[in-house]
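Have a look at the structure below before the remarks.
Laboratory data are not the source of any read-out in this text; all were calculated from the coordinates shown. Given the structure is predicted, the values throughout are model-derived calculations rather than measurements. Every residue, glycine among them, receives a Cβ derived from its backbone with ideal geometry; neighbour counts consider all protein chains shown.
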Amino acid sequence: MAPRAQKNVPTPSPKLQRPPAELLYAEELKFLRDRDATTPRPASWQLTPRSVLDFILGNPELKIAAKFVGNRSLLERCIVALATNRGLMLIGEPGTAKSYLSELLAAAISNDSTLTIQGSAGTTEDAMKYSWNYALLLAEGPTARALVPAPLHRGMQQGQIVRFEEITRCPLEMQDTLLSILSDRVMAIPEMEDDGRNLYAQMGFNVIATANTRDRGVNEMSAALKRRFNFETIPPIDDLRQELDLVQRQTDRLLAEANIPVTLPPELTEILVTTFHELRTGKTTDGKALEPLSTVMSTAEAVSVGYAAGIHGFYYNDGRVTPEHLVQNLLGSAIKDSPEDVKKLQHYFNQVVKDKPGERWRQYYAARQYL
Amino acid sequence: MLLGNTSKTSPMNLDRTLYSLNADILFFPVRHHSPAAARLVQQLIHDRQPTAILIEGPSDFNDRLAELFLPHELPIAIYSYLHTADNIRRGAFYPFCVYSPEWQALQTAHALGIPVQFIDLPWPDRTTDRALENCYSDETFKRSDYIGTLCAKLGVADFDALWDTLFEIDPALTLAQYLERCHQFCWHLRQSDDDISRSDLEREAFMVQQIERAIERYPSPILVITGGFHSSALYELLYTQDRSSFHPPTQSAHQPETIASGIALTPYTYDRLDNLTSYNSGMPNPGFYHAVWQQRTTGDAPLAPILLQRIAQALRQQQQIASTADLIAVQTLAQGLADLRGHAEIWRLDLIDGVIGGLVKEDLGQAGNHPFLTAIHQVFRGDDRGQLAPGTPLPPLVQDLHQQLRQLDLFPAPSRRSVDLTLTPRPDADAASTRAAFALLHSLRILQIQGIQRTGGTDFITRTDLTEIWERWQLHWTPSFDSSSIEAAIYGATVSEATIAKLQELAQQIERQAEQAALLLLDAALAGVDRLADTLSSQLMALIYQEGNFLSLARSLHHLLYLYRYDEVLGTRQQEHIAHLLAAAFQRGLWLLDGLGTTSGEEEPLLKGLANLLEAYERSEQLLTPYRSQFQQILERVSQDPQQMPSLRGGAIGALWILGETPMAQILAILRYYAQPEKLGDFLAGLFFMARETTQRDSHLVLSIDELLLSFTDDEFLTALPALRLAFSYFTPREKHNIATNLVRTTENGELSTGDLFHMPWGADAAIQAIAWESRLFALINQYGIRGGAG
């Protein structure tokens, strides 16, 4: 497999398209490491569990920005799970920032979020455990030099967190490779002689897996593997205000990155996020029940609708973004393939949007013809 | 420590003598139902041996304090109630659990022979318009901004977790530490509360007067136990000469005259305590804190394993398996969380989080419901039900019930007797008392009071015969009449309050059944509950919204429409809450109709459902007008859906026809579309079912059908015949005659006359022969056992 970024990459190069969290937040991590100095912590952890919390949820007193919007006890559970002998499985709807959370956790705990296995139908044991450099294998036999370690091998050897993305997309046989590694914390390398035959995991090694509940789900996962993980459901953002802020921030950032000098007007963000929130929870802000959509109405989708509406408004409407742009992009970006959901969305407009007060909502309602 | 810091920098400091253990007047601040406060107040009483103990509690109960020292089974509550001239009943309760500081102070004082007294303003004298109030709620704690700030600083989720962190978790918290911390906490909280109500100020003034009276009577030290929110205010009022903030209660003139009021003990349940919401809510999870109290007072083994064991038991009762390894994982995780959060012991949220992390292996979903969480909440809620000791005066519900039964002359006697109530056409004596008796007896039926039984009368569920509305009840006194009415006292203090609470409980047990919800509403109407409690109303609303079955929903709509539109005796007509539910059910019905998909079978129920929708729309048009265009669009979609059953499409056309949305020409066009022999009958069946009356008035339709039939070959006609017979069976013989007459009159060539309809060319013999032949045929078929269907 392709060599991955080494642990001690020097300075974050400005040319990186997307620097990993440990580079992006290197200063904060260093500050926290210095602060923790000799405070007791789980073996091989770079930070104490409390600092991991501060790093991810932010701490205004330390001037550390929040990086993840979510419930504190959920995060506490995740961190504690990683300190026990069970792996951590993050599940949830697509677009709820599971992978991002796993990256932040790995960066905070091991200062390295790059030991990542990307699960897919084609993931093989080679990509998970190790493979061989065949030239060296022929020349020297199965030596440590000839072995090409994959993320699990490296994580066990160095006592680090290994991330396993979209684990449920792997064939079941491949998933079960983790069984002995998670329970006995040992990887057998039958080709090696004597000492090298067993790789025992160093303290600090653990696995964060992510799986979304839409595709194949976790139901097919073997019970044996399930019980070696603690499961955490990452819910969509529950607080309308927080979600509003996040969507506004992200949309404007994306627009800025695309060199588009418009921002999504706050009233429109409010309409967008309220729509997503209400359709997702099946409940209007004033407490009426609704039929929730089967499509994922995630925050990430809201951002993409907002972003698309911004582009649309900029290029085709002299830079003015209007509620119509939102409606038009709702169909393409959010509601992809379900005629049932289009019906529900029409129903939502007729039942809920119609009665909302304000000029913008009225325009939004008027744009329902695009549905 | 955070609290210490803020007090040092604050310009106004809390006087430290407030929390000195050697003060003459000891102010002990509590959160009602706090086990830590209960434990420490006990210690304080033992240590300082005060000469008198004053407790925040209803002072109108003072002459009956002895009742509190009977061997009750907790939880119980003091219930104070009021019935005013404008016929409003209001009530308030002061619930006590074994771990309530007030309760422990009372019992310790009693054991040590220390005089004890309640000092709060009697509830009827308070300035409040609340209908039902928990006087031991956390309202004063929860409304301050200070809580939010402190929660964020300490990294906890809410006030409950904050209180636990500051006061409950650490078993080593000393009395002196508690007093200082709690006084500081409450003082800061009060400083940042700009919403201190007049009622609070009046009560505090009243309490100070009581304290002053006690000072004259008893030497120091005197112990004053009140909600922490009041302690510093009482202290200031007592020791400053400045009485500008002194607001003794005034008799307000505008209050309606009180007809009846009273105060009494009543049994209570942990379930009710845990279900309190909004301003009435107190400390949640009584089962958990009960366990904390037991463990800390008896010094038993650590808390977590005991609770974990109970959770495992609850899980196994629900057929959920948690292995030993799983429980170890929960315990490990909970311990890790407790360490991370700085808890001295595994606590409430640690265990909940331990279960979420360690046991739950599925998507928790939107609602976050899971059998494992249900089990843990069940354990934390606890299932204790209070029972009053023998010799306690009867609880208020029983008094209310007896009084109402006597007033209406319905009190059961040991010998059985029957009572007939007639509401229409002419009520028995006077209408109001008959209606009252009717409502009372139904309430008792709902509350499952033994010995009150309905043995006959009008069936309100099928409503097959509403010409006379009457009921027969059997009244029979047995000892279980008394015991069941005392048991029912846990639901409330008056019959109507208890009935609502019971209905609420029943509503909770229903899952996604709009029809059941409508029947509950009917029960409420029968019991004369004219205003639904908000929670019940929203529960019923939720049941309607969750209903996924069109047929059940349509039936519920039928009941709702009866209540809203046709009822003449229950007084539910045009009531607002029923209007809301009716509109919601109609909307939901439209929704389900739209998403009905391809159906097969159940034709008649589906048509009935459609008819229910149409009837609801026609009979309460004003209410449902906003949905007209939507109704019309959905009907059109159903009528044009090629996947849909012909009968339902016919029904939709019929409905549109009645709504005046489909011109005749269009109907005729659709009819031609259905001209195939295997579909025609079904289509017409649907059309006739919905538009039975309209069909007869319009000869075009009949003529077109006639034309179609004439164009069929013999074989085609025989194929169409069975369904056609069914379709025409919706008409009565007279209606069939009308249709036939119509048809005959309009036939062009005049080969038939109306008279021919009565004069068949065949005699009775032919008919007899046909019947005889048919019965031989059926006999033969039966003999070989080849008759299909239900036959």
Semi-axes of the equivalent ellipsoid for chain B, Cα gyration tensor, largest first, Å
69, 31, 25
Taking the mean number of other Cβ atoms within 10 Å as a proxy for protection, how do you rank B:352-358, B:47-53 from highest to lowest?
B:352-358, B:47-53
Please work out whether the stretch A:258-298 counts as rounded, prolate or oblate from its C-alpha gyration tensor, where a ≥ b ≥ c are the square roots of the eigenvalues and a/c under 1.5 means rounded, while otherwise a/b larger than b/c means prolate and anything else oblate?
oblate
How large are Rg and Dmax for the stretch B:276-324 when calculated on the C-alpha trace, in angstrom?
14.0, 41
If I model the stretch B:457-592 as equal point scatterers sitting on the Cα atoms and use the Debye formula, what is log10 I(q)/I(0) at q = 0.10, 0.17, 0.22 Å⁻¹?
-0.36, -0.95, -1.32
Work out how far the C-alpha atoms of the stretch B:611-751 reach from end to end along every principal axis, then list the three figures in whole Å, largest first.
51, 32, 25
Does anyone have the angle between helix B:228-239 and the longest principal axis of chain B? Alpha-carbon axes, 0 to 90°, nearest 10?
40
On average, how many beta carbons from a partner chain sit within 10 Å of the beta carbon of a residue in B:328-335?
3
Tell me, what is the percent relative contact order of chain A, built from C-alpha pairs under 8 Å that lie six or more residues apart?
14
Starting from the Cα of B:K153, step 7 Å along the direction of its Cβ; do the same at A:E193; then give the gap between the two resulting points in nm.
6.6
Take the Cα pairs of chain A, get the Kirkwood Rh, then feed it into Stokes-Einstein at 25 °C and 0.890 mPa s and tell me D in µm²/s.
107
Give or take rounding to whole Å, what are the principal axis extents of the alpha carbon atoms in the stretch A:207-313, in descending order?
52, 37, 21
The stretch B:677-734: equivalent-ellipsoid semi-axes (sqrt of 5 x gyration tensor eigenvalues, Cα, Å):
19, 13, 9
Hey, got the average number of other protein chain Cβ atoms within 10 angstrom for residues in A:64-75?
2
Would you kindly derive the ³J(HN,Hα) couplings of the stretch B:99-110 from the backbone phi angles with the Karplus curve 6.51 cos²θ - 1.76 cosθ + 1.60 (θ = phi - 60°), listing them in order in whole Hz, with x for Gly and Pro?
9, 6, x, 4, 5, 5, 5, 4, 5, 5, 4, 4
Extent along principal axes [Cα atoms of the stretch A:295-369; Å; largest to smallest]:
33, 27, 21
Per the Kirkwood formula on distinct C-alpha pairs, the Rh of the stretch B:312-383 is how many angstrom?
12.6
Degrees separating the helix A:339-351 axis from the principal Cα axis of chain A, which is the longest one:
50
With a 26 Å threshold on alpha-carbon distance, the violating pairs from B:K608/B:K736; B:K142/B:K361; A:K67/A:K356; A:K30/B:K153; A:K98/A:K226; A:K98/A:K283 are B:K142/B:K361; A:K67/A:K356
Among A:L115, B:L150, which comes first, second and so on when ranked by fewest other beta-carbon atoms within 10 Å?
B:L150, A:L115
Under the 0.36 nm per residue contour assumption, what length would be gained going from the current alpha-carbon distance of B:R316 and B:D459 to full extension?
47.3 nm
Express the relative contact order of chain B as a whole percentage, based on alpha carbon pairs under 8 Å and six or more residues apart in sequence.
10
The protein assembly as shown: Cα Rg divided by the 2.2 N^0.38 Å rule of thumb:
1.16
What shape does the stretch B:310-430 take by its C-alpha gyration tensor, where a ≥ b ≥ c are the square roots of the eigenvalues and a/c under 1.5 counts as rounded, a/b above b/c as prolate, and the rest as oblate?
prolate
If you average 1/r across every pair of different Cα atoms in the stretch B:32-191 and take the reciprocal, what Kirkwood value do you get, in Å?
17.5
Each residue of A:223-230 has, on average, a number of other protein chain C-beta atoms within 10 Å of its C-beta equal to 3
Taking the Cα atoms of the stretch B:629-702 alone, what are Rg (to one decimal) and Dmax (as a whole number) in Å?
11.1, 33
Taking N as its residue count, the alpha carbon Rg of the stretch A:98-204 over 2.2 N^0.38 Å
1.10
Tell me, Kirkwood radius of the stretch B:154-246 from alpha-carbon pair distances, in Å?
15.1
Hey, what angle do you get for helix A:299-316 against the long axis of chain A, alpha-carbon based, 0 to 90 degrees rounded to 10?
50
Stokes-Einstein diffusion coefficient for the stretch A:229-371 at 20 °C in a medium of 1.002 mPa s, Rh from the Kirkwood formula over Cα pairs: what value in µm²/s?
140
Give the order of B:E216, B:E487, B:E67, B:E621 when sorted by the count of other beta carbons within 10 angstrom, beginning with the fewest.
B:E216, B:E621, B:E67, B:E487
Can you give the Rg to Rh ratio of the stretch A:126-277, both from alpha-carbon atoms, with Rh computed by the Kirkwood formula?
1.17
Normalising by the residue count of the stretch A:1-157, find the relative contact order in percent from Cα pairs under 8 Å and 6+ residues apart.
21
If amide H atoms are modeled at 1.01 Å from N in the peptide plane, then the residues at a separation of 5 or more from B:G57, or on another chain, having amide H under 5 Å from its own are B:I119, B:D120
The stretch A:261-330: percent of C-alpha pairs farther apart than 17 Å?
42
Each residue of the stretch A:127-136 in order: what ³J(HN,Hα) in whole Hz does its phi give by Karplus 6.51 cos²θ - 1.76 cosθ + 1.60, θ = phi - 60°, with x for Gly and Pro?
6, 9, 9, 6, 9, 10, 8, 5, 4, 5
Diagonalise the Cα gyration tensor of the stretch B:362-463 and give the resulting equivalent ellipsoid semi-axes, square root of 5 times each eigenvalue, largest first, whole Å.
39, 23, 12
Provide, as a two-decimal number, the C-alpha radius of gyration of the stretch B:102-146 over 2.2 N^0.38 Å, N being how many residues it has.
1.59
About its Cα centre, the stretch A:279-366 carries a charge dipole, from +1 on Lys and Arg Cβ atoms and -1 on Asp and Glu Cβ atoms, whose size in debye to the nearest 20 is 200
For each of A:T263, B:T240, B:T392, B:T464, count neighbouring Cβ atoms within 10 Å of the residue's Cβ, then give the residues from fewest to most.
B:T464, B:T240, A:T263, B:T392
If you average over every viewing direction, what projected area does the convex hull of the Cα atoms of the stretch B:394-537 give, in nm²?
8.8
